[in-house]
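Undergrad: This is the structure I have questions about; it appears just below.
Each value in this text was obtained by applying a stated rule to the coordinates, not by laboratory testing. Predicted, not measured: the structure shown is a model, and the values here were computed from it. Here the Cβ positions follow ideal geometry from the backbone for every residue, glycine too, while neighbour counts run over all protein chains shown.
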């Protein structure tokens with residue numbers, strides 16, 4: 001029997017592989033440090049070494065991954081990092097927070113239309129940016145963009161429910177009280193409709209219903225009725 005090639009054989013990775021760091025190329029280290037501090041990100045490190053070396057590490061709130069930048073850290077051109085995604089549960093709240101911090105940020109937009117192969121602006125993945133939230137407020141479809149002083153490009157993307165298979169039900173977690181509160185509000189609204197469909201009777205087991213709803217939403221599974 002001929003050996004199977006790599007495309008025919010699939011195996012689970014032997015060990016977890018967790019993305020830890022993303023390198024951001026900047027021209028002015030102190031200016032970049034001031035900007036990322038303005039975002040409210042956590043400063044994890046700022047140290048210098050020999051040969052005019054300096055590295056700074058910041059972590060966005062609730063993120064398991066961090067960014068680093070500095071001097072003699074990368075040969076990439078300052079501002080060349082683009083399409084850096086930050087996932088948020090409430091796109092409007094995230095945008096308002098940046099505005100309150102004095103950061104220049106785009107309006108909320110979604111992507112529609114025919115594929116376009118021209119410059120990125122005003123396109124996203126080849127589709128035209130349309131002003132406003134996704135009409136159905138569907139996960140993955142509403143965005144906000146902003147740039148650091150060198151032009152490195154960031155995007156907020158609103159996700160409230162993952163596609164099937166993206167999250168294991170047993171691994172449902174929340175990285176901030178804000179995310180958990182948003183999930184509870186959605187579960188509360190859905191549970192209210194659930195009670196209406198059942199004659200308006202109070203559901204004494206509402207905590208179990210909430211937990212099931214939130215876990216299913218996170219895992220992209222069918223929601224309870």
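Undergrad: For the residue pair residue 208 and residue 112, what label-to-label distance in nm results when each label sits 7 Å from Cα along the Cα-to-beta-carbon direction?
TA: Label at residue 208, label at residue 112, 4.3 nm between them.
Undergrad: Okay, next question. Please sort 152-162, 100-110 by packing, taking for each peptide the average over its residues of neighbouring beta carbons within 10 angstrom, highest first.
TA: Put in order of decreasing packing, that is 152-162, 100-110.
Undergrad: Order of 28, 51 from fewest to most other C-beta atoms within 10 Å?
TA: 51, 28
Undergrad: Mind sorting 15, 91 by how few other Cβ atoms lie within 10 Å of their own Cβ, fewest first?
TA: 15, 91
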